[in-house]
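Since every read-out is calculated from the coordinates, none of them should be taken as a lab result. Keep in mind that this is a model prediction, so the values were computed, not measured. A quick note on method: Cβ atoms are made from the backbone with ideal geometry, for glycine too, and the neighbour counts reach across all protein chains shown.
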Amino acid sequence: MSSVSKPTKVCFVTIGATASFDALIQACFQPDFIVALAAANYTDLLVQYGRDGQRLFEELSSRQELKSIVTRGFDFNSKGLGEEMRAAKGTKEKGRESAEGVVLSHAGSGSILDALRIGVPLIVVPNPSLLDDHQTELAEALQEQGYVVHGRLRWVPSTFAFLILLIGRSNLPAAIAESEELRKRQQAWPPINSGVHRRAQGLAGIMDEEMGFLD
């Protein structure tokens, strides 16, 4: 009797091209987050860890408890992240079936817009190390209008192997479950600017203000 393998389902994590975001990488390797991925039938965790994150990624991904999830990582793709986001979107192509997954992104406008255009469920995680609160405002506005799930981290000092880190304690396990619900009701991007959708004009304004985070 032939066995049927389950479709690939990708969680793609991106921190962008400029600022480090070790807390997000760390949070994505916490046992409760891995359990949440497995519970939602994820098979792959793909991490864009940035120019300074390789050492941390390799140390975290070597953990034994991650064997249920295939982990891969890279620093950045100069051609853009469209291919990785489409992998998270999934495909029904013959001989290459994969289920729709999720993009878990820093709150950079460029990354957010790319994911919204592709139509993949998106969890937006503001970087709590930044001095201003614009990223949090953006994530809150996008969640309020039904486009994303707002992921949250808080900083907690901790020592891990050879590194002293500020670990991101997070709502990300719950955000994975919320993204499954978002998948069922996700709105199309760009928004329709007519009738009841005219309130999306406010969202466009917020995005314009945030275009400084274009990585």
Legend entry - Cα→Cβ-extended label distance, 7 Å offset, between LEU130 and ALA19, nm: 0.4
Inset, instruction - Using the structure shown, select from LYS9/LYS67; LYS6/LYS184; LYS79/LYS184 the pairs with a Cα to Cα distance greater than 23 angstrom. - result: LYS79/LYS184
Inset, instruction - May I ask you to list the trypsin sites (Lys or Arg not before Pro) in segment 1-80 that are in a DSSP loop and have at most 12 other Cβ atoms within 10 Å of their Cβ? - result: ARG51, ARG63, LYS79
Inset, instruction - Would you kindly state how much longer the chain becomes between ARG185 and VAL70 on full extension, computed as 0.36 nm times their sequence separation minus their alpha carbon distance, in nm to one decimal? - result: 38.6 nm
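By the gyration tensor of its Cα atoms, with a ≥ b ≥ c the square roots of the eigenvalues, what is the shape of segment 59-127: rounded for a/c under 1.5, prolate for a/b over b/c, or oblate?
Oblate is the answer for segment 59-127, as a/c is 1.5 or above yet b/c matches or exceeds a/b.
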Legend entry - Overall form of segment 22-137 per C-alpha gyration tensor (a/c, 1.5; a/b vs b/c): oblate
